[in-house]
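In what follows, a structure is listed as structure tokens, so that the remarks can point back to it.
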Amino acid sequence: MTDPESLIHRLIAASPAELDLVDAEHLRAVREQADILVDGGLGLADLDAMEHRLKAAERGAPLGAHLAVKLARSKRLIQAIEQPFFVSVIFAVYKEARRIRPQEEDELGEDFLRRKVEQMQWLFGSEHAGDWEILVVDDGCPEGSGALAQAIIDAEGLADQVRVVYLQEAIDDGLEVVQPLRSTDMSRKGGSILLGMDRALASPHEGHVLIFTDADLSTHLGQCGLLVAPILEEGRGVALASRREPLSVVVKKGQRNTRGKLFIYLWKQMLPLLHPITDTQCGFKAFRADLARKILVPTIEKRFAFDIELLVKAELAESGCLHKVPVAWIDSEALSTTTDIQPYLSMLQAIAAMYRRYLEPNERSDRYADFVEGLDEAAWARLVDQVPEAIASADPADFGEIELVNLTELGA
């Protein structure tokens with residue numbers, strides 16, 4: 001086995017100073033470094049130790065080095081699974097006509113479909129007991145993102161493992177999983193992801209794991225093994241990526257997000273069931289297929305808070321089934337379809353509805369649900385401009401334990 005210390009030095013030296021997820025050479029370099037770690041005979045304990053070393057020297061360790069170790073761990077975990085298994089990866093496309101193209105065709109192109117396929121092909125390689133598929137779900141895209149994806153599938157000969165599903169067709173057919181949607185305008189990602197999960201479940205597989213992710217390249221799919229292993233090897237029901245764990249690696253553009261902290265604080269007051277979870281909105285979650293079947297229908301939320309409802313229903317169906325996984329996540333916001341929407345208020349009001357539907361009433365949650373339901377956009381804007389310091393400066397992991405402020409301080 002290659003000496004781990006020398007591998008760390010080689011890894012840091014070989015990693016790009018700055019990692020561009022759209023740059024094929026950068027991605028290839030990271031993948032090659034991950035392969036060196038795997039081929040060097042490092043076990044999971046060695047890779048865990050390497051992650052801690054890189055985090056301890058974070059300023060001196062380039063992002064590519066962190067990602068390479070995550071990928072190596074993921075591949076090791078996939079190789080260690082001896083039982084037959086199958087992974088369905090699902091993501092929605094809406095107004096992705098530019099980002100789905102290569103950069104040579106569009107300056108904001110990410111060529112994300114080809115990249116995702118390459119990442120899955122690398123992860124599974126030739127030494128594994130499993131197989132995979134990708135489902136691309138058109139969320140009613142006015143720019144024809146689904147058709148563009150299909151053209152790529154046809155051109156690259158990917159039809160055996162990649163398929164396109166259209167939300168509008170499911171609505172027209174009256175499929176239960178998308179009810180009560182009457183048009184794709186009523187869906188904001190959630191309707192499409194739920195449909196994709198339903199279509200994946202229509203084909204039974206042994207050891208079936210469903211993963212949904214985002215269309216962009218923020219989460220490298222080579223990390224899927226980090227989510228699959230807890231489900232298949234430890235019997236977990238749900239493995240959810242988190243950007244807020246000690247070994248998470250996050251690169252996010254923009255300023256300190258007090259609005260995001262306010263969102264976390266408010267939902268945690270309403271959903272004590274999910275207090276151990278902080279990062280509900282990372283778009284990288286895996287579900288054991290039999291549990292997914294239990295919770296997929298019916299659901300009340302088809303917009304951006306859909307995954308929170310799935311987490312609530314999963315925990316109610318199988319207490320203790322949620323498992324947090326630290327991942328590497330790099331912001332890909334240039335063409336984000338949610339940047340301008342920032343739907344925190346509508347999400348909070350959807351969460352209030354979830355509380356009332358699924359959980360036993362309690363005094364604190366009742367107060368906060370009443371407060372959230374009474375907010376309009378103007379009141380929300382005022383609240384965002386005056387986030388109490390007790391929330392703005394606190395660690396979101398602590399939000400569920402105590403009530404940091406009273407509702408009067410929030411303007412109630």
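Tabulated data for the structure shown
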{"item": "Count of residues meeting criterion [outside any strand (DSSP E or B), within 25 Å of Leu167 (Cα to Cα) and among the acidic types (Asp, Glu)] in region 109-155", "result": "5"}
{"item": "Identity of the residue in region 279-301, under 17 Å from the mean Cα position of the chain (by Cα) and either assigned to a loop (DSSP other than H, G, I, E, B) or of a type in the set (Ser, Thr, Tyr) (or both), that ends up modelled with the lowest pLDDT", "result": "Gln281"}
{"item": "Helices (runs of 4 or more DSSP H) contained entirely in region 302-412, each with at least 2 residues that are more than 30 Å from Ala229 (Cα to Cα)", "result": "344-358, 363-373, 377-385, 389-392"}
{"item": "Residues of region 372-397 classified as under 27 Å from Arg188 (Cβ atoms), buried (at least 17 other Cβ atoms within 10 Å of the Cβ) and either without any contact (Cβ under 8 Å) to a residue 60 or more places away in the chain or out of contact with any Gly (no Cβ under 9 Å at 6 or more places or on another chain) (or both), total", "result": "5"}
{"item": "Residues that are open to solvent by 60 Å² or more (accessible area, probe 1.4 Å) and touching a Gly at 6+ places or on another chain (Cβ under 8 Å), drawn from region 1-50", "result": "Met1, Arg31"}
{"item": "Flag for Leu54 being crowded, with 17+ Cβ neighbours inside 10 Å and among the aliphatic types (A, V, I, L, M)", "result": "yes"}
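To keep it simple, each residue is scored yes or no on (1) in a loop (DSSP other than H, G, I, E, B); (2) touching a strand residue (DSSP E or B) at 6+ places or on another chain (Cβ under 6 Å); (3) open to solvent by less than 10 Å² (accessible area, probe 1.4 Å).
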residue: Leu181; (1), (2), (3): yes, no, no
residue: Ile193; (1), (2), (3): no, yes, yes
residue: Asp198; (1), (2), (3): no, no, no
residue: Pro204; (1), (2), (3): yes, no, no
residue: Val209; (1), (2), (3): no, yes, yes
residue: Phe212; (1), (2), (3): no, yes, yes
residue: Ser218; (1), (2), (3): yes, yes, yes
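The values are calculated or read from the model by the stated rules, or taken from the named source; none is laboratory data. Please read these numbers as outputs of a predicted model, since none were measured by experiment. In this analysis, Cβ positions are derived from the backbone assuming ideal geometry, glycine residues included, and neighbour counts consider all displayed protein chains. With ligands, DNA and RNA removed, areas are computed over all heavy atoms of the protein, side chains included. Shrake-Rupley method; radii C 1.70, N 1.55, O 1.52, S 1.80 Å.
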